1. Just to be sure, is Gly58 more than 13 Å from the chain's Cα centre (by Cα), open to solvent by less than 30 Å² (accessible area, probe 1.4 Å) and not hydrophobic (A, V, I, L, M, F, W, C)?
2. Can you name the number of the only condition in (1) in contact with a helix residue (DSSP H, G or I) (Cβ under 9 Å, 6 or more places away or on another chain); (2) open to solvent by less than 50 Å² (accessible area, probe 1.4 Å); (3) part of a strand (DSSP E or B); (4) at pLDDT below 85 that Phe41 fails?
3. Could you check, for region 75-83, whether at least one of its residues is open to solvent by less than 50 Å² (accessible area, probe 1.4 Å) and aromatic (Phe, Trp, Tyr)?
4. Kindly provide the set of residues from region 11-32 that are at pLDDT 85 or above and open to solvent by 70 Å² or more (accessible area, probe 1.4 Å), ordered by number.
5. Looking at (1) of a type in the set (A, V, I, L, M, F, W, C); (2) at pLDDT below 85; (3) open to solvent by 50 Å² or more (accessible area, probe 1.4 Å); (4) part of a strand (DSSP E or B), which one does Leu96 not meet, given that it meets all the others?
6. With respect to Tyr48, determine if the residue is over 15 Å from Gln98 (Cα atoms), of a type in the set (Ser, Thr, Tyr) and outside any loop (DSSP other than H, G, I, E, B).
7. What residue, among those in region 44-55 that are of a type in the set (A, V, I, L, M, F, W, C) and open to solvent by less than 30 Å² (accessible area, probe 1.4 Å), is nearest to Arg93 (Cα to Cα)?
8. I'd like the residue in region 61-92 that is part of a loop (DSSP other than H, G, I, E, B) and of a type in the set (D, E, K, R) and, out of all such residues, is farthest from the chain's Cα centre (by Cα).
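The values are calculated or read from the model by the stated rules, or taken from the named source; none is laboratory data. Bear in mind the structure is a predicted one, so any value in this text is a computation, not a measurement. Positions of Cβ are backbone-derived with ideal geometry, glycine not excepted, and every protein chain shown enters the neighbour counts. Ligands, DNA and RNA are excluded from the accessible area calculation, which covers all protein heavy atoms including side chains. Shrake-Rupley method; radii C 1.70, N 1.55, O 1.52, S 1.80 Å.
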Amino acid sequence: MRWSYPLTFHEYRNWNGKMVPDRRWKQKMMVDAARKEFYTFFVTDGIYTLKRIDLKTGTVTSVMDLSGYPFAQNLRIHDGVLYFIYPTGINKRKALYQVKVD
């Protein structure tokens with residue numbers, strides 16, 4: 001089940017009516033130019049959660065939890081595929097990963 005939140009979700013850590021800036025929000029957007037979609041991330045302890053921004057309705061929807069890839073780097077989206085660099089754990093090497101967003 002996907003949850004949608006108002007676009008001001010980054011201003012609320014707890015939904016109790018008090019505004020507290022949520023430092024987990026990366027405050028950066030990525031654009032999938034092929035699909036004309038916008039995305040942002042929440043980061044908690046190095047774990048990224050990808051969220052899609054719907055500009056028409058002013059909401060964000062959680063799309064993907066990247067908990068299987070802690071400390072992913074250089075994330076990019078193109079044509080519904082998320083690309084990123086991830087440590088392999090072997091001799092400090094890193095590899096390029098791709099994960100389908102939808």
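1. Numbers: more than 13 Å from the chain's Cα centre (by Cα): yes; open to solvent by less than 30 Å² (accessible area, probe 1.4 Å): yes; not hydrophobic (A, V, I, L, M, F, W, C): yes.
Judged against the criteria, Gly58 is a match.
2. Among (1) in contact with a helix residue (DSSP H, G or I) (Cβ under 9 Å, 6 or more places away or on another chain); (2) open to solvent by less than 50 Å² (accessible area, probe 1.4 Å); (3) part of a strand (DSSP E or B); (4) at pLDDT below 85, Phe41 violates only (1).
3. So the first thing to find is which residues in region 75-83 are open to solvent by less than 50 Å² (accessible area, probe 1.4 Å), and the list is 75, 77, 80-82.
Next cut, aromatic (Phe, Trp, Tyr) only: none.
Taking every residue of region 75-83 in turn, none turns out to be open to solvent by less than 50 Å² (accessible area, probe 1.4 Å) and aromatic (Phe, Trp, Tyr).
4. The initial filter retains those residues of region 11-32 that are at pLDDT 85 or above, namely 30-32.
Listed by number, the list holds a single entry, Val31.
5. All conditions are met except number (2).
6. Details: over 15 Å from Gln98 (Cα atoms): no; of a type in the set (Ser, Thr, Tyr): yes; outside any loop (DSSP other than H, G, I, E, B): yes.
So Tyr48 does not fit the description; no.
7. So in region 44-55, the residues of a type in the set (A, V, I, L, M, F, W, C) come out as 47, 50, 53, 55.
Subsequent filtering for residues that are open to solvent by less than 30 Å² (accessible area, probe 1.4 Å) retains 50, 53.
On the way: Leu50: 24, Ile53: 33 Å.
Here the residue is Leu50.
8. Going residue by residue through region 61-92, those that are part of a loop (DSSP other than H, G, I, E, B) are 66-72, 79-80, 88-92.
If we keep only those that are of a type in the set (D, E, K, R) as well, we get 79, 92.
Values: Asp79: 16, Lys92: 25 Å.
Among residues in region 61-92 that are part of a loop (DSSP other than H, G, I, E, B) and of a type in the set (D, E, K, R), the one farthest from the chain's Cα centre (by Cα) is Lys92.
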